[in-house]
Structures are given as C-alpha cells and as structure tokens.
Amino acid sequence: MVLNEHRQVIAVADAAALAKTAADRLIARIAAAGERIAICLTGGSSPKLLYELLGNEPYRSRIPWHRVHWFIGDERFVPANDPLNNMAMARQCFLNHCAPLVNIHPVATDAADPDEAARRYEIELKAFFGTDRLEPGHPLFDLVLMGVGPDGHTASLFPDYPALTETGRWVVGVPMAAVAPLVPRVTLTLPVLASCHEMLFEVSGVDKRAILSRVLAGEQLPAARAHAVGETVWLVDRAAMPENFHG
C-alpha cells in the first residue's frame, strides 16, 4: 500500500484479487454505515467481476439488502434493457436477484433527452437524501465506485467538457461522449461524486497503464481531479500499475 497526499494506491495481483479487495471494502463500508446505506455504482467493464461477487456467496449473505440503496454515477442515454446501459449490467450481475426493486435507483433514460434525465435524477437524489445542499461533514454516499477511461475520464466527465467544471448542478447531461460508445450520457458532477465516505477506483489491465501513469503523475485529468471528502482509494492490479510508480 502506498499513501500520498491525496490518495491511497493499493496494488493487487490481478483482476480477481482486485474484485475481491473491492468487495471486502464495500462490505466494510456497509458495516460501518448507519441504518440506511447509499452505494453509487459505476459502469464500464472494470466492476463486472466485483458485481458478480456481490451476487454470490459468501458476499451475498453479508449484505443487508433491505437497507442498501444502489445509485449510478453515470449512465449512457440508451434504453434500460440495452447492453450498453450501465445499470443494466449491474442488474444482470446482482441487483435483479438480490436487491429490492425500490432500493435500485437508475437514471430514467426514457426521458426526452439527457438534460431531462439529469434533472429527474437530481430531483430523486435530493429527495432521497433530504437536502439540496452538499455538506462536507455529511457525505451523501457511503461508497462511490469509480473507473478511469483511456483519455482519463471518470464517470462521464471527459477532459475539457463543460460538465467537468460544473459546481451548481448535481447531475448533468452530456450530449456526446468523447470515447466509445459514442452515445449521449448523464453524469453526476464532481462535487456530488466527492460527497462520500470513500471513493474507490478500480483499475485493471495493461491497457490502463499509460493513462494511470498520467493520473498518478498529477496531470489534471478528470480522474485525477476526482476525490472524496473522506477516503480516496485506487485499487490497481499488477498489469495496470506503472513500472516507475513508487508513491
């Protein structure tokens, strides 16, 4: 484990070890939380192994499903049953057969457009948490899961996009992604993603090594700018870890 001023970087052997470590941290966050628990999921390929672990033993029986609410950090503006839909992947892996339907909070991609979907999701978040203000001493989420894209984006916050600097709105529409799949998106903004007890990045595979080198070097990419008001943890497997990174 390497600790620097802004983040913990935890090195693991491979993708399987990364998923297990992430699952253990999620379970620990749930155990430390109050009566109602809020987890913000992520999309892409990185969390699939984690989601499959959560839906099976021994993790499945360790989660108090009736107390945990599941949100999504960003969504592709495609139908709910489309394979590209982020929440659809989480549903298929574990939510549909484990979580009560009322505890699953997807983005409404049947809205007229991404901006309308963003507006609806912001209303839902504010109603759920009972506030329209972000307070550092009272984070919204117990855990926010994150990934990093090949251009350094995280959630659907792409380099040089206006959404990256949004501080007023909680959720925004993104007209078009900068990387594939080239579909519109809906994303939580950086201040809302930061409102958590723990932000947990998962980074796996040699194809992520180059961009992770830039992030860890301090380049002002979206993923480098994302951090929690609580702990910010990067789980990185051996294949993704830059050779010259020593903290």
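The values are calculated or read from the model by the stated rules, or taken from the named source; none is laboratory data. What you see is a predicted model, and the numbers here were worked out from it, not measured in a lab. Here the Cβ positions follow ideal geometry from the backbone for every residue, glycine too, while neighbour counts run over all protein chains shown. Heavy atoms of the whole protein, side chains included, go into the accessibility calculation; ligands, DNA and RNA do not. Shrake-Rupley method; radii C 1.70, N 1.55, O 1.52, S 1.80 Å.
Bridge orientation summary for segment 1-136: considering DSSP beta bridges with both residues in this region, about 25 percent are antiparallel.
Can you run the Rg to Rh ratio on segment 1-85? Use alpha carbon positions and the Kirkwood inverse-distance Rh. Walk me through the numbers before you get to the answer.
Working: Rg = 14.5 Å, Rh = 14.7 Å.
That ratio is 0.99, to two decimals.
Less than 5 angstrom separates the built amide H of Phe141 from those of Cys196, His197, all sequence-distant by 5 or more or on a different chain.
Counting only protein heavy atoms and a probe of 1.4 Å, the accessible surface of the chain is 54% carbon and sulfur. The ellipsoid that matches the Cα gyration tensor of the chain has semi-axes, each √(5λ) in whole angstrom, of 24, 22, 18, with the longest given first.
Report the FRET efficiency, 1/(1 + (r/R0)^6), for Glu231 and Lys20, where r is their Cβ-Cβ distance and R0 is 22 Å, rounded to 0.05.
The formula returns an efficiency of 0.75 here.
For the pair His97 and Arg238, the difference between a 0.36 nm per residue extended length and the Cα-Cα distance amounts to 47.5 nm. All other residues whose Cβ lies under 11 angstrom from that of Ala224 are scored, Lys and Arg at +1 and Asp and Glu at -1, for a net of +2.
Please identify the GluC sites (Glu not before Pro) of segment 1-61 that satisfy two criteria: DSSP loop assignment and at most 10 other Cβ atoms within 10 Å. Which are they? Please report the intermediate quantities before stating the final value.
Numbers: sites: Glu5, Glu35, Glu52; in loops: Glu5, Glu35.
Listed in order of number, the matching sites are Glu5, Glu35.
Charge dipole (Cα centre; +1 on Lys/Arg Cβ, -1 on Asp/Glu Cβ; no other charges) of the chain amounts to roughly 400 debye.
Viscosity 1.567 mPa s, temperature 4 °C: what is the translational diffusion coefficient of segment 124-247 from Stokes-Einstein with a Kirkwood Rh over Cα pairs, rounded to a whole number of µm²/s?
The Stokes-Einstein estimate is 86 µm²/s.
Annotation: the antiparallel percentage among DSSP beta bridges lying fully within segment 104-247 is about 40. Secondary structure note: in the chain, about 30% of the DSSP beta bridges are antiparallel. Residues in segment 72-80 carry Karplus couplings, in order, of 9, x, 7, 9, 7, 7, 9, x, 4 Hz; the curve used is 6.51 cos²θ - 1.76 cosθ + 1.60 with θ = phi - 60°, and Gly or Pro positions show x. Potential lengthening of the chain between Arg133 and Ala80 amounts to 16.2 nm, from the contour at 0.36 nm per residue minus the alpha-carbon distance. Lys20 contributes an accessible area of around 110 Å² to the protein surface, as traced by a 1.4 Å probe with all chains present. For segment 83-166, the solvent-accessible area of protein heavy atoms averages 45 Å² per residue (probe radius 1.4 Å; ligands and nucleic acids excluded).
The translational diffusion coefficient of segment 154-212, from Stokes-Einstein at 25 °C and 0.890 mPa s with a Kirkwood hydrodynamic radius over alpha carbon pairs, comes to 191 µm²/s.
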